[in-house]
Every structure is written in structure tokens, then in C-alpha cells.
Amino acid sequence: MTPPSLPRFARGGRSLLLASTAAVALVVGTLSVSSAHSAHAATASAKAATSANLLVDAGAEDAAQCSSNGLDGMTMPGWTIVSGDPNAVCYGASGYPDASTPGSSNRGNQFFAGGGTGNSDLAQTVDVSAAASAIDAGGVPFGLSGWLGGYAGQNDRVGMTATFLNASGSALGSAAIAPVTNSDRGNVTDFLQRSATGTLPAGTRSVKVDLAFTWTAGDTTDGYADDLSLTVGASVSAPALTAPASAVPGYDHVFVVYMENEDYSGIVGNTSQAPYINSLLPKGTSLSQAYATTHPSDPNYVALAGGGLYGLHDNSIATTTINAPHVGNSVEAAGKSWKTYVENENGNCDYTSHGYYSPDDVPFTFFQNFKSDESATGYCARHDQPLTQMTSDLKSASTTPNFVWFEPDDCDDMESCGVTAGDNWLKATLPTIFNSPAWTQQKSLLILTWDEGATKAYGPSYPNRVPTLLLGSQNTVKAGYTSAQRTDQYGLLRTVDQALGLAPLTNNDKYAATVNDAWSGTASTGPTLTTTTPSVANGSSVTFSYSTPPATNSAKNWIGIYKPGNTPGSQASTAWQYTPGTSGSATFTANYGPGTYNVYYFNNDGYSILAGPLTLTLS
């Protein structure tokens with residue numbers, strides 16, 4: 001990795017760390033121990049594991065819609081997406097394993113893959129506390145296994161690790177299955193079964209299983225996994241697949257607006273081009289780990305509106321019809337009202353393109369119940385109306401729909417006319433909502449987000465991380481807060497579901513994680529980064545305090561200070577320090593020259609943001 005005396009450059013520490021992990025992972029049937037409180041090696045007398053498979057969705061079969069190209073993100077039910085954008089790919093997708101590819105005889109229709117944004121990681125934590133007495137007495141064996149593989153001569157790969165945790169979440173030891181390399185596979189596409197066995201350390205109360213995908217080349221990360229298993233030699237019941245807990249409160253109205261084609265760093269902190277958006281940050285919660293689903297634009301709209309892509313991989317409004325329910329139908333099923341409003345639409349249900357207006361500016365125009373009834377009084381016309389109608393509807397809470405999706409045209413959404421045009425449009429449009437009876441007298445939530453990142457490309461340089469801001473009336477959303485909890489367009493859809501009491505559309509929104517620390521009255525349990533001196537004279541000392549839960553604790557977490565416009569992972573930091581432990585502080589001598597700087601708290605020698613950015617001003 002980069003020596004501490006040198007500035008950090010893109011992918012330095014993280015890529016070397018992953019490469020090292022892959023190199024030291026042990027061979028089949030052995031145990032890798034990561035601490036002094038180690039698991040004991042399996043012996044011939046150890047009892048065979050007797051539990052059922054304790055992993056839920058161990059073959060990626062519960063993913064709502066498998067990917068046909070490996071490039072789209074999705075919810076992985078039962079698993080937590082720790083980093084990147086891992087997904088489930090269909091067996092038989094072009095260029096991918098099919099039914100005849102060597103592998104598990106227990107395979108289903110889809111398998112785990114690494115996604116389209118470089119290195120990625122999935123994790124699942126299994127509760128084994130029901131066997132606490134037996135585990136503490138010693139001799140309870142475990143078995144960890146999986147079919148791991150990859151693509152042809154490409155050395156993208158995936159490894160599997162089980163970490164044994166005590167009741168407080170601290171690691172007691174671990175077992176690792178080394179990735180199957182291209183050499184292991186003989187440079188052909190297939191899966192090989194790998195396993196590790198051992199004895200659970202005394203004190204184990206849960207087991208965290210990680211799938212770590214490593215990218216080497218190309219758009220997709222082509223490490224593959226299927227038919228995974230974790231068993232223990234004790235009476236532990238197999239868990240049921242359940243949705244993650246959600247703290248989203250109920251609302252009377254939810255407003256959603258999509259802007260286009262900007263990275264998080266292109267908006268948050270960009271006060272010169274987006275002064276209005278940045279003025280909203282002290283009034284709401286910014287989501288620093290929000291990700292789009294894929295490229296180009298339209299599939300990202302459909303993801304949030306429909307709970308899946310339904311095979312859409314382009315902007316083909318004229319030739320694509322989706323025959324499936326959308327979130328508007330969910331609103332109706334709950335006995336509530338909804339509309340979508342678009343800038344410069346020529347009347348209701350306008351399917352023509354003119355000027356900067358396009359019918360795919362809102363996603364509902366892809367769906368069958370819109371396309372099949374375009375009459376003047378039809379379903380489409382009752383729900384798809386010009387933006388001017390929103391101003392009229394907002395005059396009364398009774399005429400304001402419970403769910404509103406409103407859109408600028410292709411100029412004011414930032415796609416064609418730039419950031420400032422979109423910022424000005426929001427400045428002119430949002431006060432109409434904020435001053436409405438629905439906002440001032442009732443509970444209303446605004447979700448301001450972007451469809452995709454600035455560059456329509458894949459791989460580790462293009463994480464597809466987008467700005468997202470939550471604003472709530474009646475003090476329902478934390479003001480001036482930044483959440484580092486990960487979300488995506490399915491997580492936002494589940495947020496809408498929870499806010500309005502809607503049934504989920506697919507497993508994508510049913511099992512998506514919501515951001516839970518954004519709401520007033522909820523504890524801020526995620527990582528934090530603070531300073532009491534955000535503005536100091538150049539050359540002064542400035543101290544940053546940090547904290548992180550045990551799950552993201554690392555001796556190589558670090559704080560980095562960046563010049564405005566410099567992107568972590570792409571440009572070097574101005575200064576940085578390691579920040580070991582679950583809490584502490586780091587003091588910098590801020591002699592970097594007058595100006596403003598962005599300060600981030602990163603995870604494990606990489607560029608996954610735990611908290612921030614904070615703004616540091618040197619005078």
C-alpha cells in the first residue's frame with residue numbers, strides 16, 4: 001500500500017489489501033485464523049455438522065429479477081451489500097455460465113456475481129446463540145462451503161470468509177475459503193466447490209459470512225458463486241428470510257423528483273454551481289452512500305417506479321412496454337391518490353417529444369396501463385399532467401396527491417443545460433411545495449435524487465454514487481445530518497412504501513434496506529465524523545472526532561482531507577491519518593492554504609465513505 005508519508009492515490013490501499021487477502025487464503029478443508037482467540041482446527045473426532053444450512057438465499061434465487069448482462073444493481077435478499085454493487089445473474093445470460101457449465105448439481109436459475117462497479121462485498125450474519133451452551137463447552141464443529149468460479153482466462157474471483165463474533169460483536173477468529181483463480185479453473189468458465197471446516201470458538205454467538213468479489217478487468221466483476229452453505233454441529237434452526245428493520249415514519253404525502261447525470265461530489269459541496277441545493281443541506285439529511293442501479297437513464301427511473309428493470313437496459317420508450325404493476329398502482333391499492341407532473345408537457349398524457357420535453361421524463365409512460373389508455377379522460381391523462389397543474393393541486397391539502405412524482409424537462413434536470421440550470425429550477429419549484437398546506441399542515445416527505453452518475457461507464461472508477469437529499473415537514477427528518485447508511489433506488493422505493501403504508505412490488509423493495517438514522521427521534525448508530533472548529537486560520541491545528549460501529553471498525557480506517565473538486569479514489573488527498581478503534585480523534589496541522597476543503601472518514605484503507613464530507617474552511 002502507499003507509505004504513510006505519501007498522499008493517497010486511487011485504489012492504492014484497497015486493491016493491494018484485496019490482492020493480499022486472496023493470496024493468503026488457505027486451501028480446501030483448512031481453517032484461517034485471524035486472532036489470538038482462534039477457532040480450533042477440525043480433528044478426526046469432531047462431530048459432523050448437524051444443522052440445516054443456516055444461510056438464507058444461499059443461491060441468489062430470491063433476487064427479484066436476475067440480470068441478463070451483469071451490469072445492474074439489485075437487492076440481494078437476506079444479504080447486506082457492504083461495498084460495490086454485487087448482483088444475481090441469470091444462468092444462460094450471454095457470455096455467462098449456463099446450465100451445462102460445470103458446477104453445483106443443486107443450482108437454480110441464477111448465481112451471485114460481482115456487479116458492474118469493481119470490487120464488491122456481500123455479508124450475512126447468522127445467529128447461533130441458541131447453541132451457546134454447547135459452543136462454550138467446546139467441540140461444536142462448523143462447515144463452510146460454496147461453489148466458486150469465474151470467466152475464462154480472466155482472473156476476477158470471489159472468496160468466502162466466516163468470522164466468529166461474540167455477544168458484543170467482536171471477532172474471535174475466522175475461517176476463509178480462498179478464491180478460485182483462473183489458473184485453478186484452467187482458464188475456462190466454471191465453478192469449483194471449496195470448503196473449510198473447524199470448531200466454533202467458545203463465546204461465539206453469531207457468524208458473519210462475507211463474499212468478497214475482486215475485479216481485475218472489464219466492465220463487470222466476473223467472480224461467481226452459488227450453492228453456499230454454513231452448518232454447525234448443534235441444534236440451531238435455519239433462519240427465515242425477513243426484511244431488514246425500517247424506521248421510516250408514516251407520512252400523508254411523499255414527493256419524489258429525479259435530476260440527472262451527476263455524481264455525489266458534483267453536487268454536494270459544489271456551492272458555485274448548486275448554491276440552492278447546498279442551502280437545503282442544513283434543513284434535511286444528505287445520503288452520502290446512495291447508488292443508482294445501472295446506465296443509461298431510463299432503467300434507473302423504472303427501478304424506483306416498478307421495483308425492477310423488467311429487461312430494460314436502454315432508453316427505448318417507443319418500443320418497450322412493461323406489463324407489470326408500478327408504485328402508482330400500489331398507492332391506489334392502499335386507497336390513496338397519486339399523480340406525476342412534468343415541466344413543459346403539452347397537456348395530459350403527452351407521448352410526443354418536443355423541445356426539451358420527452359415522454360420518458362417520468363417512468364410510468366413505460367407501463368402497460370399508461371400506454372393502453374391514452375384517451376383524454378383515460379388512466380394516463382388522470383395521472384400524468386403538466387407541472388403547472390401541480391401548482392394548482394398544491395393549493396389545498398385535499399387536492400394534493402398522497403404520492404407525487406414531479407420532473408423537470410431535459411434542460412432543467414441538468415442533463416442538457418448543466419448543474420446551474422437544474423439548481424435554478426429547483427429554487428423556483430420547491431418553495432411551492434414547502435409553502436403548501438400539505439407541507440405546512442401535514443406530514444410530507446421530499447426525496448430529491450439523481451438517476452445516475454455523471455459518466456455512463458462501468459468498472460471501479462465509476463461507482464454510480466449519486467446525491468440524494470431527504471427533507472421532511474413537521475421536523476420529521478434530521479436537519480443538517482449526513483447518513484452513511486447505504487441505499488439505492490430500491491431502498492428509496494421501500495422508503496416510499498413504508499412512508500405511505502404500501503405493499504411491496506417485488507423482492508427488490510420488499511427486502512431493501514432503508515436509511516434508518518435520517519429520521520428525527522432515531523439514534524445515529526452509523527459512523528460519525530465531527531469537528532468543533534470547522535473554520536480556522538491557515539496553519540492552525542484542527543481536530544476531528546470519529547466513531548464507527550464494530551461492524552465497520554478497522555485499524556486502517558482513515559480520515560482524508562481533499563481540495564474542492566478532487567474526488568477520493570481519483571485524486572490524491574491533501575492530508576490523511578489512520579483512525580483505529582471504534583472512536584477517537586485525529587489532529588491535523590492545517591497548513592494547506594486558505595480556502596475550503598472536504599474532509600472524509602473512510603473504511604479499511606479504501607474509499608468507501610463512513611461519514612462526511614465535512615467542510616473545513618482555512619482563512
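What is the spread of the Cα atoms of the stretch 328-437 along each of their three principal axes, largest first, in whole Å?
38, 33, 21
Given 20 °C and 1.002 mPa s, compute D for the stretch 430-521 with the Stokes-Einstein relation, Rh being the Kirkwood radius over Cα pairs; round to the nearest whole µm²/s. The partial results should precede the final answer.
Working: Rh = 14.8 Å.
Once the numbers are plugged in, D ends up at 145 µm²/s.
Per residue, how much accessible area does the chain have with a 1.4 Å probe, in Å²?
Values: 22300 Å² over 619 residues.
For the chain, the solvent-accessible area averages 36 Å² per residue.
Could you work out, for the stretch 346-403, what percent of all Cα-Cα pairs fall into each 5 Å distance bin, beginning at 0 Å and stopping at the bin that holds the largest distance?
Reading the bins upward from 0: 4, 18, 27, 24, 18, 9, 1.
Express the carbon and sulfur contribution to the solvent-accessible surface of the chain as a percent, rounded to the nearest whole number, probe 1.4 angstrom.
Values: 11270 of 22300 Å².
C and S atoms contribute 51 percent here.
What residues qualify as long-range amide H neighbours of residue 157, i.e. H under 5 Å apart, gap of 5 or more or another chain, H built at 1.01 Å from N?
Those qualifying (amide H under 5 Å, at least 5 residues apart or on another chain) are 214, 223.
Which is the longest stretch in the chain that no exposed loop site breaks, taking sites as GluC sites (Glu not before Pro) with a DSSP loop state and at most 16 other Cβ atoms within 10 Å?
Working: sites that count: 61, 374.
Between exposed loop sites, the widest span is 62-373.
Solvent-accessible area of residue 417, probe 1.4 Å, all protein chains present, reported in Å² to the nearest ten, please.
50 Å²
Give me the number: length gained by fully extending residue 619 to residue 541, i.e. 0.36 nm times residue separation minus the C-alpha to C-alpha distance, one decimal in nm.
On the way: separation 78, 0.36 × 78 = 28.08 nm, distance 1.27 nm.
Using 0.36 nm per residue and subtracting the Cα-Cα distance, I get 26.8 nm.
If you average the sequence gap of Cα pairs under 8 Å that are 6 or more apart and divide by the length of the stretch 331-422, what percent do you get for the contact order?
Numbers: 141 pairs, mean separation 35.2, N = 92.
Here the relative contact order equals 38 percent.
Name all residues of the stretch 428-466 having a backbone nitrogen under 14 Å from the label point set 7 Å from the Cα of residue 398 along its Cα→Cβ direction, giving them as ranges.
Residues passing the 14 Å test: 438.
Which whole-number percent gives the relative contact order of the stretch 366-517, counting Cα pairs below 8 Å spaced six or more residues apart? Show your work: numbers first, answer last.
Values: 131 pairs, mean separation 20.7, N = 152.
14 percent.
When the Karplus curve 6.51 cos²θ - 1.76 cosθ + 1.60 is applied with θ = phi - 60°, which whole-Hz ³J(HN,Hα) does each residue of the stretch 206-212 get, with x for Gly and Pro?
Using θ = phi - 60°, the values come out as 8, 10, 9, 9, 10, 10, 10 Hz.
For residue 371, give me every one of the aspartates and glutamates with a C-alpha distance below 14 angstrom, ignoring sequence neighbours fewer than eight places off in its own chain.
Straight-distance partners of residue 371: 350, 360, 384.
Placing +1 at every Lys and Arg Cβ and -1 at every Asp and Glu Cβ, with all other atoms neutral, what dipole size does the stretch 186-270 have around its Cα centre, in debye to the nearest 20? Kindly include the intermediate steps, with their values, before the conclusion.
Numbers: 3 positive and 10 negative charges, 138 e Å.
The calculation lands at about 660 debye.
For the pair residue 582 and residue 133, how long in nm is the line joining their label points, each one 7 Å along Cα→Cβ?
For the pair residue 582/residue 133, the computed spacing is 2.9 nm.
Evaluate the distance, in nm, between pseudo-label points positioned 7 Å from the Cα of residue 206 and of residue 571 along their respective Cα→Cβ axes.
Going from the residue 206 label point to the residue 571 one covers 3.9 nm.
Whose amide H sits under 5 Å from the amide H of residue 126, counting only residues 5 or more places off or on another chain, with H placed in the peptide plane?
Those qualifying (amide H under 5 Å, at least 5 residues apart or on another chain) are 207, 208, 209.
Which one of 366, 379, 348 has its Cα pushed farthest toward the positive end of the charge dipole of the stretch 305-412, where Lys and Arg give +1 and Asp and Glu give -1 at the Cβ?
Towards the positive end, the residue furthest out is 379.
Toward the positive end of the charge dipole of the chain, about the Cα centre and with charges on Cβ (Lys, Arg +1; Asp, Glu -1), which of 419, 542, 213 goes farthest?
542
Would you work out which of 471, 572, 559 lies farthest towards the positive end of the dipole of the chain, given +1 charges on the beta-carbon of Lys and Arg and -1 on that of Asp and Glu, about the Cα centre?
Of the candidates, 559 comes out farthest on the positive side.
Once phi is turned into θ = phi - 60°, what whole-Hz ³J(HN,Hα) does the Karplus curve with 6.51, -1.76 and 1.60 give for every residue of the stretch 559-574, x standing for Gly and Pro?
So the J values, rounded to whole Hz, are 10, x, 10, 10, 5, x, x, 8, 9, x, x, 10, 10, 6, 6, 6.
At a probe size of 1.4 Å, how large is the accessible area of residue 556, to the nearest 10 Å²?
80 Å²
Can you run phi through the Karplus equation (6.51, -1.76, 1.60; θ = phi - 60°) for the stretch 450-462 and list ³J(HN,Hα) in whole Hz, with x for Gly and Pro?
My calculation for the stretch 450-462 gives 10, 6, 7, x, 6, 10, 7, 8, 10, x, x, 7, 10 Hz in order.
Note down the nm distance, to one decimal, between modelled labels 7 Å out along Cα→Cβ at residue 457 and at residue 170.
Result: 4.5 nm between the two label points.
Pull up all non-local amide H partners of residue 518: gap of 5 or more, or a different chain, and H-to-H distance under 5 Å with H placed in the peptide plane.
Residues meeting the amide H criterion: none.
Quick one: ranking 357, 379 by accessible area, 1.4 Å probe, largest first, what do you get?
On the way: 357 10, 379 30 Å².
Accessible-area ranking of 357, 379, largest first: 379, 357.
With +1 on each Lys and Arg Cβ and -1 on each Asp and Glu Cβ, and nothing else charged, work out how big the dipole of the chain is about its Cα centre, in Debye to the nearest 20. Can you show the working numbers first?
Numbers: 26 positive and 47 negative charges, 445 e Å.
Dipole of the chain, to the nearest 20 debye: 2140 debye.
Counting Lys and Arg as +1 and Asp and Glu as -1, each charge on the Cβ, what is the dipole of the stretch 453-606 about the Cα centre in debye, to the nearest 20?
Numbers: 8 positive and 5 negative charges, 34 e Å.
Computed charge dipole of the stretch 453-606: roughly 160 debye.
Which semi-axis lengths, in whole Å and largest first, follow from the square roots of five times the eigenvalues of the Cα gyration tensor of the stretch 154-246? If you can, show how the numbers build up before the last one.
Details: eigenvalues 167, 51, 35 Å².
For the stretch 154-246, the ellipsoid semi-axes come out as 29, 16, 13 Å.
The values are calculated or read from the model by the stated rules, or taken from the named source; none is laboratory data. Not measured: the values here are computed from a predicted model. With ideal geometry, Cβ positions are generated from the backbone for all residues, glycine too; neighbour counts draw on all protein chains shown. Please note that ligands, DNA and RNA were not included when accessible areas were found on the heavy atoms of the full protein model with its side chains. Shrake-Rupley method; radii C 1.70, N 1.55, O 1.52, S 1.80 Å.
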